[in-house]
Amino acid sequence: MTIKNILFKSLVILSLFFSACTDSPNIDNLTMLDGDQIFDPSIYHPEKYLVSKAIPIPNATQKNTPVIIAVHGYSATTFEWDEFRTYSDANADILISQVLLGGHGRNYEQFKNATWRDWQDPIMIEYNALREKGYNNISFAGSSTACPLVLDMLQKGKIPNNGMAQIFLIDPIVIPSDKLLTLIGLVGPMLGYFEATNTTAENSYWYHFRPQETLNELMDLIDKVRKELQKGFKLPTGAQMKVYKSIKDDTADAVSAVLIFKGLKNSDGSDIDVEMINSALHVVTRLEGRDTIAQEDREIQKNVFDDMLMRVRQ
Amino acid sequence: MNKKNVLVFLFIFSIICFQAQTFDTKNDWLGALKVGIRTQKTQKLYWENGFTVDFTFPKILNNRLHFGLSYVTTRLGSAIGTNAIQQDNYLLNVGYFFRNQKKLQPFTRLNTGYFYADYESEIFDKLPNTALLLSLDAGLSYKFKAPITIDLSAGFNLNTGSGSKGPGTLYPVFYQLSIYYTLLKKK
């Protein structure tokens, strides 16, 4: 093969590579969260979502009232915990802080530019704000990616002893179901972004386009937490954990629950609570926006909500 | 690779080196029999170590076709002293080696076998923990003057876990290093 031929073939391969790199997706501003029209409502009205803003100077009763910091998953918004807020408002005397992850609920560019540490920041900000204001019965509820974010906080010792009552993990992701995510560093730069299969309703509350940079961040986060669990760590004194995990989940592989069960122990060294749920949904506590909702799904959701409220009021 | 893994490797390898000698086989049908150790790293997951055996036959494509058996496990890798899942891979393989008279031989292999993961607690009894393994790998093999051969390869598992079926810790991409000692060789 002549040098001319080699050069020509190299140019063809390079041009194919660069033509495969797509910069920006075709965003419909009117219907998609990714655009510049729809934002998470907690950005406009934080006092409706964050207890630290709603009741900045709590009285003695409010200080002792259970507060659950509820955090959504990757590419989602505070919407993911709306049903729990509605349910607990009707059935329990507790307070709920719905935290919006950093880089989420805004537009595509802000999502693309945020790291997983940016996602994590608002959780710690709300937790610290509640502690400073004197709230002393704080719990945490996370779905999907919120779980590795809080597991990382626990591993780093950011939650002091007796600083957290209950920790609920709903369909935590440590192992992805789509194993090709492990190759995101290789294929991501060639593709630029990936499209989610959201329903029309979900497009207002979840990003439709997933920048490869954010998927890289997600992979970095879960890989880090997997390694932390592999070494093992304990919950702070006074904290109790319950993991609720769908058996069939096309986002967070069910084996994620095995890794958490093996790697994380209560402060006294005993096992944490894990419940494997006979469901094929990812995040069994969020049903609104899905195309079809079975009666079984509603029963599972209610059972999980009741169990969470019972544990918080213990 | 952590210190323990290295120690396990050195121990196993030294036993093989001390006990094994290369004999000339009198059988016409056997080209070479090699035994060795293998280390496997899965992309974004575990180190798995174990043992491997490789055969060639002069009557089958003039020793170009290699047949093998291997066993790699996290029990001799990432799971030593950690909370990594204990999992086993039992493999049969057939591989085609190019340039089989040369020291450096490119090769490609088809592997199949059985995968088992131990989730330990009955809480996880409903989760799939076994699978049929099916993978392809390709790499380079180098024969030293001493009866030692080193294979390096990268492979792709075609039957990975998907969340709704298959074990969750069966990942797609893996890298292997195998070090063989030639036990028997036809003159």
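The H on the amide N of residue A:275, modeled in the peptide plane, is under 5 Å from the matching H of A:243, A:244, A:245, each at least 5 residues off or on a different chain.
Modelled this way, with points 7 Å down the Cα-to-C-beta line, the labels at residue B:136 and residue B:104 are 2.4 nm from one another. Database remark: amide H of residue A:167 closer than 5 angstrom to the amide H of A:140, A:240, A:241, A:242 (H placed geometrically; neighbours at sequence offset of 5 or more, or on other chains; Pro and chain starts carry no H).
Among B:140, B:183, a tally of other beta-carbon atoms within 10 Å of each Cβ gives an order, fewest to most, of B:140, B:183. Per residue, the Cα convex hull of the stretch A:9-168 amounts to 133 Å³.
Straight-line cross-link reach from residue A:302 at under 16 Å between alpha-carbon atoms covers these aspartates and glutamates, not counting any fewer than eight positions away in the same chain: A:80, A:82, A:83, A:89, A:171, A:275, A:288. Since only A:155, A:102, A:32 are under comparison, the one whose Cα sits farthest along the positive direction of the charge dipole of chain A, derived from C-beta charges on Lys, Arg, Asp and Glu, is A:155.
Evaluating 6.51 cos²θ - 1.76 cosθ + 1.60 at θ = phi - 60° for every residue in the stretch A:148-165, the Karplus couplings come out as x, 5, 6, 4, 5, 4, 5, 5, 7, x, 6, 9, x, 4, 6, x, 8, 8 Hz, glycine and proline recorded as x. When peptides A:254-262, A:159-167, A:242-250 are ranked by their average number of other Cβ atoms within 10 Å per residue, the highest-first order is A:254-262, A:242-250, A:159-167.
Amide H to amide H distances under 5 Å link residue A:250 with A:282, where only residues 5 or more positions off or on other chains count and H is placed in the peptide plane.
Taking every Cα-Cα distance in the stretch A:97-174 and sorting them into 10 Å bins starting at zero, the pair-distance distribution P(r) comes out as 17, 51, 27, 5 percent.
For q = 0.10 Å⁻¹, what log10 I(q)/I(0) does the stretch A:168-294 give under the Debye formula with an equal point scatterer on each alpha carbon and no solvent? With no solvent term, the Cα-only Debye profile gives -0.38.
Mean partner shielding of peptide B:173-180, defined as the number of other chain Cβ atoms within 10 Å of each residue Cβ, is 1.
The calculated FRET efficiency for the pair residue B:121 and residue A:48, based on their C-beta separation and a Förster distance of 45 Å, comes to about 0.60.
Mind telling me which of B:39, B:169, B:73 comes out most flexible in a GNM of chain B, alpha-carbon contacts under 10 Å? Among B:39, B:169, B:73, the largest mean-square fluctuation in the Gaussian network model of chain B belongs to B:169.
Given that compact globular proteins tend to follow 2.2 N^0.38 Å, what is the ratio of the alpha-carbon Rg of the protein assembly as shown to that value? In units of the 2.2 N^0.38 Å rule of thumb, it is 1.15.
For the pair the stretch A:118-180 and the stretch A:189-232, the centres of their Cα atoms are 18 angstrom apart.
Checked against a 26 Å cut-off, the cross-linked pairs B:103/B:186; B:34/B:145; A:242/B:126; A:158/A:227; A:63/A:262 give Cα-Cα distances beyond that limit for A:63/A:262.
Computed about the Cα centre, the dipole magnitude for the stretch A:110-266 is approximately 740 debye when only Lys and Arg (+1) and Asp and Glu (-1) carry charge, each at its Cβ.
Residues in the stretch A:63-78 carry Karplus couplings, in order, of 4, 8, 6, x, 10, 9, 8, 9, 10, 7, x, 4, 6, 9, 9, 4 Hz; the curve used is 6.51 cos²θ - 1.76 cosθ + 1.60 with θ = phi - 60°, and Gly or Pro positions show x. When the Cα positions of B:117, B:140, B:92 are compared along the charge dipole of chain B, B:140 comes out farthest toward the positive end, with charges on each C-beta of Lys, Arg, Asp and Glu. Sequentially through the stretch A:276-284, phi angles give Karplus couplings (6.51, -1.76, 1.60; θ = phi - 60°) of 8, 9, 7, 9, 10, 8, 9, 6, 5 Hz, Gly and Pro residues having no value and appearing as x. Loop-resident chymotrypsin sites (Phe, Trp or Tyr not before Pro) (DSSP state other than H, G, I, E or B) in the stretch B:143-187 with no more than 16 further Cβ atoms inside 10 Å of their Cβ: B:144. Remark on the stretch B:3-186: Rg and Dmax equal 17.2, 55 Å (Cα only).
Every number here is computed from the coordinates shown, using simple stated rules; none is lab data. As the structure is a prediction and not an experimental result, all values here were calculated from the model. Cβ coordinates were reconstructed from backbone atoms using ideal geometry, including for glycine residues, and neighbour counts include every protein chain displayed.
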